[in-house]
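All remarks here apply to the structure that follows.
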Amino acid sequence: MDRLKQIESFVSVATKGSLTAAAQLEGVAPAVMGRRIDALEARLGVKLLLRTTRRLSLTHEGSAFLEDCQRLLAEFNSAEASVSAGGVKASGHLRITAPAGFGRRHVAPLLPEFLASHPDVSVSLNLSDRVVDIAAEGFDCAVRVGDLPDSSLISVRLADNRRLCVATPAYLKRAGVPQHPSELGRHACLTLSSDASQTRGWAFAIDGAVQHLRPNGRLDCSDGQVLHDWCLAGLGLAWRSTWEVEGDIAAGRLVSVLDDFAAPPNGIYALFPQAKHLPLRVRLWIDFLKANYGRPDYWGRQA
């Protein structure tokens, strides 16, 4: 049996949550999909799906394998598109969505260069901190920052997203430099309000495990840019992404503290709906972002 077909069937069944739904999409009997999954599990020697008469769920190994399979299928489709496209130019309208703060700094400024390289492409950019349903709302690609929820979308990791605890030199001179996350309670902490997306608090690696702290402060806001501005004004400590503050650190406007307790990075991702043929304009846009974000000098130049 075709190994690629087994993988495609596994991804389809896992994302649809049903043998019947995946079979209907391909126009085959559910039993055919079941035999492909059985053959894949037998070849790998591991159970990927738990199936009962009422429900279907992924095993731990199945969840990890699904992410790898989605990435491999996306890369395979891109490789085919690259060959079949040959000298054909990208064209058409590209609809992109991104978080407001990140999009203003690291998506919008890149678009003129991308459009200059692809004159037959037009772009609509939506900047919103709302989690946009890109499939339902007709977007080709979303840029997301942070941990990704379970989703049937295909994700491509563009860069790491590290978070730092930062303050101005003047604030640290006045209030002192915290030596351990437990000391944050004695500092003015600038936090996102409870209705914002940063619901779990500030993450630190303490005693070999990631712990989330929710420091209190006299100032909170639902807008990360406002927190950044308050921090630059010397009003307290803030927990911000490197993409937002690395330029300020390089220029000496901000200083990072508690670096020994920094949590592992999460990611910056491009997401797009599962599709048999990814449009060339979407593939080129994702490649363009990955190339820019991967340059050693990119993030530091945002001073």
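FYI, it's all coordinate maths here, none of it is from the lab. Bear in mind that the values here come from a model prediction, so they are computed numbers and not experimental data. Reconstructed Cβ throughout: ideal geometry from the backbone, glycine too, with neighbour counts over all protein chains shown.
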- Message: With +1 on the Cβ of every Lys and Arg and -1 on the Cβ of every Asp and Glu, and nothing else charged, how large is the dipole of the chain about its Cα centre, in debye rounded to the nearest 20?
- Response: 240 debye
- Message: Please compute the contact order of the chain in relative form: average sequence separation of alpha-carbon pairs under 8 Å and at least six residues apart, divided by the residue count, as a percent.
- Response: 20 percent
- Would you count, across the chain, every pair of lysines whose alpha carbons are under 29 angstrom apart, provided the pair is eight or more residues apart or spans two chains? 11
- Task: Could you sort 174-187, 154-167 so that the peptide with the highest average Cβ count within 10 Å comes first and the rest follow in order?
- Result: 154-167, 174-187
- Value of relative contact order over the stretch 3-82, rounded to a whole percent, pairs C-alpha under 8 Å and six or more apart: 27 percent
- Message: Just to be sure I understand, if you calculate Rg/Rh (Cα atoms, Kirkwood Rh) for this structure, which of (1) 1.33; (2) 1.14; (3) 1.03 do you get?
- Response: (3)
